[in-house]
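What follows is a short report on a single structure.
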């Protein structure tokens, strides 16, 4: 099995070329991901600029503590992921599996907390659409834009997390078989890049959606 | 040239290596994937062409007597969606790019063959979604999906079509990604960046646009789907949104998308003109860098679609001046091609006729682009038939002339056989004349003020529309004839030999059709591209 | 408008027509010149350098001095010409987007699939626009549903008509006659049926036409009736003398700049009046509470325009030019965020 995965694919000259190709490919992929999220960030920034009061009051509706907790969880998961990559590169099979499982658990925690937040929004009718309500918002119509951006951005982010979790499961299975070692662990490394990227997106989402205008300075 | 026609290809090649359907559908060979794309884009092109025929027939008379308004709107929408997303964007990159890029750089395959196959099926899935919405009853928003019409008012299948485009977009992204990595990491020993054929440079620039632009239109359509399907408002003023934001996001991709269609075509033309002048392209570096310049500046001009859409006056002026700047690299290419022919050894072959056709149509398309870039003139011209004519000259005149020219140029390599020269020249001339007859009158009727997407129009515009419909008939025949004789040539065409044109690229150094691994031995490159030698020139004598 | 024999230029019936046609002619000539040069050299080279024998042509070194001169020439000349085209077009556009101060106001509402037009004097029409010749006309336009576009080819101008926004378009008709109005932005099934006619009349004929009017009084009068009917006056005083604590006095407010509750300032223009009726909680004038109910869904765009016209008629800036960026009135122009202290300081300066 191991030999099958580590084998040089027929169209590459050598292992180095193969690894380089994967690395460049992954970085290019992350560039497309940035552009993908970029569209949503643009919409958010345009509307935040246009309706600051509405956005300020609506963003006060987010749960700061759950958001902060989730930020911590994700940063920790990036650490465990980095450790998994590290142990893959020195071929410590059990530690790879351990840290992948930890990453998986932290990712799961994040999604769990997120779904609590979503449920909360659902209960308070803060989901844009027919039944939208925003108690105490300065400008309900434009506050709904905030929540549209909120769900669009966090939803897309969560989708990436869910895809990531499936990939971790696959990696765990492979790692248990001892597929990854010093000479070949490209999938773990590439997935690490992906996971850190998803983490970084959250690092931008958290202040944009939860923190700005939290002090109440702009309450309309 | 091989004179004795030999009807059977005996040598082992990528075509006769395996014959089962599975060996085609699950192939990871970039050449076979290119063929799969060729079949698919041809299908969608014909479907789109059918819709074009319906549009032209309807517009022969001022009254709406053939189709109902609602049907007409769906017809032009489906024409646009099919042609743009399922034909023009994948045409040259996915067919010729897939087939040729690894050959040209002396690689055995693209960097990620499995991803390449995946992107084909993603494309097909997107096509299936669009095809389904077409069967269900179509969509009537125009290919631009302007909000709030598309999200709140249209009664067509916006969701399925939007999702289809969203999915097909990922195919384009993955192809672009694959090409970029391939060009960076898979070049044969000695093949430095400035020894690359211009076709490769053009595809590199195209891939950049694909990976940077396509995700933005994907997320934009995703928001449209959210707004229409779940009433999560982003763009409809009824939800507090701004419909013009949609236009900004849409054109941020859809303007550069024009360059996805045209840049590969320019790459093809560079190859053809050099080969049939037996001369290195004049200004190789200028042509290469102008592709990159177009890719970069192409991202900064989207606002010229919004001059009258309540964009600020000064924003309009900035976009106007940037639009003029992006025109310069295109002009540079045209002049360099001309200079390539100067003191060359010119042969008038079918691909060369298509290359001339490209230069003619693209020149007109590009120059009329200057009319639309000029903000004061655009206020009168935008959303009229002048725009329709302009983008057909660029996208159809440009992309399809390049596509057909490329298909003819590399047909001997792809199939190992020659097409009938007489017929192909005749059809190239028919396409050129038919095209001009179809679209030139549209410039005139556009200046007269006929708005685009009009089902019924005032009688004084009829003369132009009748001319246009007549031209479309000729154009249709011109497109159909190659379809017939190219199929014919698969069985009856003369064997081509490895290098029938006396061209210099690495793809001509291997057999026709190439073997599965492309090259017996990985080639080592020791000289610049387009170094024509007596051997090659004598060869074609 | 009667179909004439074959023509290549539409009727030229506004102040812009001559300018646009001139620029068009310049571009046609330049393009024809370059097209012919390119076509000529393509054909000429193809014939002159046709393959005669198997000798290999010597490649030209474009890095040589001659090559560089060529490359620079054919980059710089097109660039120079295109800058002329840019400047020329920009100048025309600049005029097009600056309506003269004393232009006559006409209000346009687009709706799938018709044009509803109101004159200040009260006359209303559908798919027809009657205007006097040689007067500057300014259209203030909005849409009740999707995006439309008000296009008069004979006037060489158009502008999108957007829902939730006012856009403007102006022209000075120069020739008596009847001309097409087209909707130029695709708007659904009967898009091509959303057409109409502009009748450009002599001032006398126009006065006669107006006199036949609707009998409902001027737009401002109709707006006042609406104002009373909706009970706006219960909170909003409309004469200078009266004030109350509930809502801002509307007399003389049009065209002024007011301080908002959140510390920013806004110019009271058509867009802000419209917004205040539909989304009163959005931007509240400093010193007042959020007590006004929204009239969203209760008001048609036509009715809103009447109210706007009524508030404008309360002076002082009635008839003054649009204060915001002309050509486009964003409902929510970018607000300048001022700290609370900043507002006080500014007030102090006054």
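Just so you know, all these numbers are worked out from the coordinates, no wet-lab data involved. Note that the structure is predicted; figures quoted are calculated from it, not measured. Virtual Cβ from ideal backbone geometry, glycine too; neighbours counted across all protein chains shown.
Of note:
- For the range B:210-243, the residues whose backbone nitrogen is under 17 Å from a point 7 Å from the Cα of residue A:34, taken along Cα to Cβ, are B:210-217.
- Bridge type composition, the protein assembly as shown - antiparallel percent by DSSP, nearest 5: 70 percent
- Residue order, fewest to most beta carbons within 10 Å, for B:368, C:257: C:257, B:368
- Cα-based helix-to-principal-axis angle, B:350-373 vs chain B, degrees rounded to 10: 30 degrees
- Across chain B, the mean sequence separation of Cα contacts (distance under 8 Å, 6 or more residues apart), normalised by length, yields a relative contact order of 19 percent.
- MRE, 222 nm, helices only [DSSP H, n ≥ 4, -39500 (n - 2.57), over the protein assembly as shown, to nearest 500]: -19000 deg cm²/dmol
- Once both labels are positioned 7 Å from their Cα atoms along Cα-to-Cβ, the gap between residue C:77 and residue A:122 label points is 6.9 nm.
- Between residue C:65 and residue A:27, the modelled label-to-label distance comes to 4.3 nm, taking each label 7 Å out from Cα in the direction of the beta carbon.
- Percent RCO, i.e. relative contact order, over chain C, from Cα pairs under 8 Å lying at least 6 residues apart: 17 percent
- Each of B:174, C:70, A:211, B:96 was scored by other Cβ atoms within 10 Å of its Cβ. Arranged with the fewest first, they read A:211, C:70, B:174, B:96.
- Residue mean of other protein chain beta carbons inside 10 Å, A:9-22: 5
- Relative contact order of the range A:14-211, defined on C-alpha pairs under 8 angstrom at six or more residues apart (%): 34 percent
- The DSSP beta bridges internal to chain C are antiparallel in roughly 70% of cases.
- Between 0 and 90°, nearest 10: helix C:301-313 axis offset from chain C longest Cα axis: 70 degrees
- Take the Cβ atoms of residue A:176 and residue A:45, set R0 to 60 Å, and the FRET efficiency comes out at 0.85.
- Residues in the range B:391-413 that a label on residue B:498 would reach, taking backbone N under 17 Å of a point 7 Å out along Cα→Cβ: B:412-413
- The label-point distance for residue C:211 and residue B:66, in a model that sets each label 7 Å from Cα toward Cβ, rounds to 5.2 nm.
- In degrees, nearest ten, helix C:15-48 long axis to first principal axis of chain C (Cα): 20 degrees
- Shielding by other protein chains, C:258-269, mean Cβ within 10 Å: 2
- Taking B:24, C:113 and counting other C-beta atoms within 10 Å, the order from fewest to most: B:24, C:113
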